[in-house]
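Step one of this worksheet: look at the structure below.
The values are calculated or read from the model by the stated rules, or taken from the named source; none is laboratory data. On a predicted model such as this, the values are computed, not experimentally measured, just so you know. Because the Cβ atoms are built from the backbone with ideal geometry, glycine has one as well, and the counts that use them run over all protein chains shown. Only protein heavy atoms, including side chains, enter the accessible area calculation; ligands, DNA and RNA are left aside. Shrake-Rupley method; radii C 1.70, N 1.55, O 1.52, S 1.80 Å.
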Amino acid sequence: MDYIKNLNIFSKLSMKLSLDDVIAPVFVLIWSTGFVIARMAMPYVEPATFLFWRFAGVITAMAALSLVWRITWPSWSQIKHIAIAGMLLQFGYLLGVWFAVRLGMTAGLVAIIVGLQPIVTAWFAAWISEKVTPRQWIGLCFGFAGVALVVAEKIGFAHIPFVSYVLAFIALLSITFGTLYQKKYCPVFDLRAGSSIQFGVSAVLCFFCMYFFETGVMVWNASVVGALLWAIFPLSIGSISLLFMMIRKGAATKVTSLLYLTPPTTALMAWLLFDEPFTLMMALGLCLTMTGVVLVNARQANTVATIAE
């Protein structure tokens, strides 16, 4: 009897560890495709217009799923915090990145600017009562050095307007403070309800941007349709849900350190899909980045929160 009980406990623990081990790499792979689809879609549609249709598609999908799933809606006070986090994580971050790409910034350069997030997050970690250890600081520096190597060759050849840099840094600050705000004020909520709230608020804001500042024209071709479908389902619903889960299950500095893997992964994808060069320097940068992530995440106690069912 004890043997069966112990076996069941071991099986549950193994399943939990396996799930935790899978979430991070899957998140990095999906998240990295965001820069790729931006390159695919931007020649045919303006940023706020694309993001409006993307968020509207997510809301439609979530509404359909709500007919099957019983969603637990948060209190009004928590809804306000979730909405504010969503404005930063969805609207501010994505619009900044997509406008920067639209105005000529390369995916690699956007990636390195946004790749500063773990450093910025560590600076402000005390806001949510997290302590960053010396080993984690070393890991963060390794990670940033790796990111710099991956995209260093692209920076020197890019002729980019100043406003693109401003927009990219707005995106960096938005995702950094969005992550910290959500970790501090609303770390636990029903993922389906939270996603509906955040994407709903972001859709409204994008609609106003589209109406007042863009033409609203969208060329419906294979690249745009493919980018839109990928952005709605794997990126918006899939990766954001994984990000929320990791924010709840781990310290913010550890979670954002995983984003160091985005620029090298993006470089690999660009090599495979667009025949962009992947040099020895980029390979060295990938190794440094992975070392940095290991140093930040190894043997640190997580702040565990209950995941909403």
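Shape verdict for segment 44-108, please, from the Cα gyration tensor: rounded (a/c under 1.5), prolate (a/b greater than b/c) or oblate. Taking the square roots of the gyration eigenvalues as a ≥ b ≥ c, segment 44-108 is oblate.
Taking label points 7 Å from Cα along the Cα-to-Cβ direction, residue 75 and residue 221 give a separation of 5.2 nm. Ordered from largest to smallest accessible area (heavy atoms of protein chains, 1.4 Å probe), the residues 281, 62 come out as 281, 62. Remark: segment 26-43, residue by residue, has Karplus-estimated 3J(HN,Hα) of 5, 4, 4, 4, 5, 4, 5, 6, x, 5, 5, 5, 4, 5, 5, 8, 4, x Hz, where x stands for each Gly or Pro and the curve is 6.51 cos²θ - 1.76 cosθ + 1.60 at θ = phi - 60°. Estimated at the nearest 10 Å², the accessible area of residue 102 is 100 Å² with a 1.4 Å probe. Between segment 65-128 and segment 205-230, the alpha-carbon centres lie 19 Å apart. Each of residue 160 and residue 173 was given a label point 7 Å from its Cα along the Cα-to-Cβ line. The distance between the two points is 1.7 nm. Converting phi to 3J(HN,Hα) with the Karplus coefficients 6.51, -1.76 and 1.60 and the offset θ = phi - 60°, segment 60-70 yields 4, 5, 5, 5, 5, 5, 5, 6, 9, 8, 8 Hz in sequence order, with x at every glycine or proline.
With r defined as the distance between the Cβ atoms of residue 68 and residue 279 and R0 fixed at 35 Å, what FRET efficiency is calculated, to the nearest 0.05? E(calc), rounded to 0.05, equals 0.15.
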